[in-house]
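Asker: The structure under discussion is supplied below as structure tokens; questions concerning it will follow.
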Amino acid sequence: MSEVRLHDTLTGATRPLVPLRADGVRIYSCGPTVYGPAHIGNFRSFLFADLLVRHLRWRGYTVTWVMNITDVDDKIIRGAAAAGEAIGELTARYLERFLVDADTLRMTRPDVLPRATEHIDEIVALIETLLEHGHAYRTDDGSIFFRLSSWPAYGRLARLDPEGMRVGERVEADEYGKDDVRDFALWKGPKPGEPSWSTPIGEGRPGWHIECSAMSMAHLGPSFDIHTGGVDLIFPHHEDEIAQSEAATGQPFVETWLHCAHLRASGSKMAKSTGNIARVGEVLDAGVSPRALRYALLAVHYRAGLDHSDESLAAAGAAVARLDAVVRALETYREDGHGDSTLEGALQAGRAAFGEALDDDLNISAGLAALFELVRDLNRRIEGRTLSTDDASQALAALRDLDRVIGVLPEPEADGLDGELQTLLDERAAARAARDWAASDRLRDELADRGIAVEDTRDGQRWHRIAEVSRG
Ligand SMILES: [Zn+2]
């Protein structure tokens, strides 16, 4: 059995993954706030969690993956007011947009996508427990705050000095009632024009941090294996999650914390406030294929900063095109014969190197190096005609197996081309057989105009969809 090792932010150690329960690995990821389209920096963090889930499943683990949807908060309330619509309309629209973008980028659909507004009962129950145990207090406006002085372990995740923190943080006008500037809101009292719920702890709405404690524990239990998010969530969001959860349950909240570094553009963190954000749709509209964008966001180790640029997208597009080429070559390869006696060993070695790299804290760079080493080896065998037709199928199956983790190979062309395109392809084959080169070239151009590139090989015509490689 392989040993997956992960870098835990809390301890700073890279440790073997030992699932807390025999029935599988439980993972929670902080998901999107649905008040606008997610930018590709958000998706870097989501796709790193996708890579983790895919790799663990590939290694044979049962995984339960929960990603929350924040569908009530200050930004949503402001956005809905500005657009003159109900917050439910705004969040439904951007949740749909998020799911479309996630599917486009081939993100595994999480097993549960819980929404904050559908977990008010769990949130309220958690706050009630914190109130009972003296970890929370009410203020005059109906808000409820976590009492930081009641939780001495605060700050361990972000390695903060408990005395010095939050002093520089902007204090919201509605938070002046706090006992201590470091305390944070669990529940916000009702305000005109804001959504609120009537609950046993009073009228109001949840603060942001409490929703992740309530929803993760509702779906995964009080202690679970892995919590992921971007580094910008370490403080205060994840510190607050630990404090609320452990103060309420008396149990360790999360076994391993994984944090993804920033996506940078033009030298600084991609964020709405810096104005250098790129949406998924914008990047695709510029002619980048979804698979190339996925590759670009995955290809650098999650704890290393990633620079988003035209160059990195072009490199990703070239890498995906190399993978497409070997897949198409193997799909159309035909050769009778005994087969290649060293192929099996090469495929096994490639799989082992790839798996060991990913086991090592998702070392994607080494994993992709192993994958492309295998691709080079396969291309040599294709060119040398050492493979049999069966060998080619076996090699293709091996690549598709590794792609369960990476998720960038082209879809299998199970049903081939639709009728009209197949007719053009057949006509071109006939033209070549008749040595009518003018007709052959004309038909090739016609196919190209319709997004099909044709190449002539000794196995006959080989085609692939141009649109899949680049929409430009
Ligand atoms: Zn969260």
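Asker: If I filter region 318-325 for residues that are under 17 Å from the mean Cα position of the chain (by Cα) and of a type in the set (A, V, I, L, M, F, W, C), do I get at least one hit?
Answerer: no
Asker: Kindly indicate whether any position in region 242-264 is over 20 Å from MET67 (Cβ atoms), within 16 Å of the ligand (Cβ to nearest atom), of a type outside the set (A, V, I, L, M) and surrounded by 16 or more Cβ atoms within 10 Å (Cβ to Cβ).
Answerer: Yes, there is a match, as at least one residue in region 242-264 is over 20 Å from MET67 (Cβ atoms), within 16 Å of the ligand (Cβ to nearest atom), of a type outside the set (A, V, I, L, M) and surrounded by 16 or more Cβ atoms within 10 Å (Cβ to Cβ).
Asker: Can you tell which of ALA265, ALA292, ALA296 is in contact with a strand residue (DSSP E or B) (Cβ under 9 Å, 6 or more places away or on another chain) and free of Cβ contacts under 8 Å to residues at least 24 places away in the same chain?
Answerer: Only one candidate passes the filter, namely ALA296.
Asker: Right, something else. Can you tell me which residue within region 100-118, out of those that are among the hydrophobic types (A, V, I, L, M, F, W, C) and within 18 Å of LEU47 (Cβ to Cβ), is most open to solvent (accessible area, probe 1.4 Å)?
Answerer: Of everything passing the filter in region 100-118, VAL100 is most open to solvent (accessible area, probe 1.4 Å).
Asker: Let me ask you something else. Any chance region 298-315 includes a residue that's away from the ligand (no atom under 16 Å from the Cβ), on the phi > 0 side of the Ramachandran plot and open to solvent by 10 Å² or more (accessible area, probe 1.4 Å)?
Answerer: no
Asker: Check THR104, THR108 and return the single one that is within 15 Å of the chain's Cα centre (by Cα), under 21 Å from GLY355 (Cα atoms) and of a type outside the set (Phe, Trp, Tyr).
Answerer: Result of the check over THR104, THR108: THR108.
Asker: Applying the selection to region 249-269, what residues are farther than 22 Å from THR9 by Cα and in contact with a helix residue (DSSP H, G or I) (Cβ under 6 Å, 6 or more places away or on another chain)?
Answerer: Result: SER268, single match.
Let's see how each residue does on (1) in contact with a Pro (Cβ under 8 Å, 6 or more places away or on another chain); (2) within 16 Å of the ligand (Cβ to nearest atom):
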{"position": "TYR35", "(1), (2)": "no, yes"}
{"position": "TRP58", "(1), (2)": "no, no"}
{"position": "VAL72", "(1), (2)": "yes, yes"}
{"position": "ILE87", "(1), (2)": "yes, no"}
{"position": "LEU90", "(1), (2)": "no, no"}
{"position": "GLU96", "(1), (2)": "no, no"}
{"position": "ARG115", "(1), (2)": "no, yes"}
{"position": "GLU128", "(1), (2)": "yes, no"}
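Asker: Pick from region 207-221 the residues that are open to solvent by 10 Å² or more (accessible area, probe 1.4 Å) and farther than 16 Å from GLU128 by Cα: which of them is farthest from the ligand (Cβ to nearest atom)?
Answerer: GLY221
Asker: Could you list, in sequence order, all residues of region 408-419 that are open to solvent by 80 Å² or more (accessible area, probe 1.4 Å) and at pLDDT 80 or above?
Answerer: GLU411
Asker: Within region 84-99, can one find any residue that is closer than 18 Å to ARG26 by Cα and assigned to a helix (DSSP H, G or I)?
Answerer: No; the residues of region 84-99 include none that is closer than 18 Å to ARG26 by Cα and assigned to a helix (DSSP H, G or I).
Asker: Also: Inspect region 388-407 for any residue being closer than 19 Å to ARG328 by Cα, modelled with pLDDT of 95 or more and in a loop (DSSP other than H, G, I, E, B) and give the result as yes or no.
Answerer: So far as region 388-407 goes, yes, one or more of its residues are closer than 19 Å to ARG328 by Cα, modelled with pLDDT of 95 or more and in a loop (DSSP other than H, G, I, E, B).
Asker: When you go through (1) of a type in the set (D, E, K, R); (2) open to solvent by 40 Å² or more (accessible area, probe 1.4 Å); (3) within 19 Å of the chain's Cα centre (by Cα) one by one for ASP285, which number turns out not to apply?
Answerer: The failed condition is (3).
Asker: Confirm whether GLU203 is among the acidic types (Asp, Glu), open to solvent by 10 Å² or more (accessible area, probe 1.4 Å) and either more than 16 Å from the ligand (Cβ to nearest atom) or at pLDDT 95 or above (or both).
Answerer: yes
Asker: Kindly provide the set of residues from region 9-60 that are more than 27 Å from LEU368 (Cα to Cα) and among the hydrophobic types (A, V, I, L, M, F, W, C), ordered by number.
Answerer: Once the filter is applied, which keeps residues that are more than 27 Å from LEU368 (Cα to Cα) and among the hydrophobic types (A, V, I, L, M, F, W, C), region 9-60 yields LEU10, LEU20, ALA22, VAL34.
Asker: Still on this model: Only residues in region 110-132 that are of a type in the set (S, T, N, Q) count as the first member; pair them with residues that are surrounded by 17 or more Cβ atoms within 10 Å (Cβ to Cβ), Cβ under 6 angstrom, at least 6 apart or cross-chain, and list the lot.
Answerer: Hits for this filter: THR117/ASP71; THR117/VAL72; THR129/ALA248.
Asker: Further question on the same structure: Please indicate, with yes or no, whether at least one residue in region 334-352 is in contact with a strand residue (DSSP E or B) (Cβ under 7 Å, 6 or more places away or on another chain), at negative phi and open to solvent by 40 Å² or more (accessible area, probe 1.4 Å).
Answerer: Looking for residues that are in contact with a strand residue (DSSP E or B) (Cβ under 7 Å, 6 or more places away or on another chain), at negative phi and open to solvent by 40 Å² or more (accessible area, probe 1.4 Å), one finds none in region 334-352, hence no.
The values are calculated or read from the model by the stated rules, or taken from the named source; none is laboratory data. None of the values given here were measured: they were computed from a predicted structure. Note that each Cβ is placed from the backbone with ideal geometry, even for glycine, and that neighbours are counted across all protein chains shown. For the accessible areas, the whole protein counts, side chains as well, though only heavy atoms, and no ligand, DNA or RNA atoms are used. Shrake-Rupley method; radii C 1.70, N 1.55, O 1.52, S 1.80 Å.
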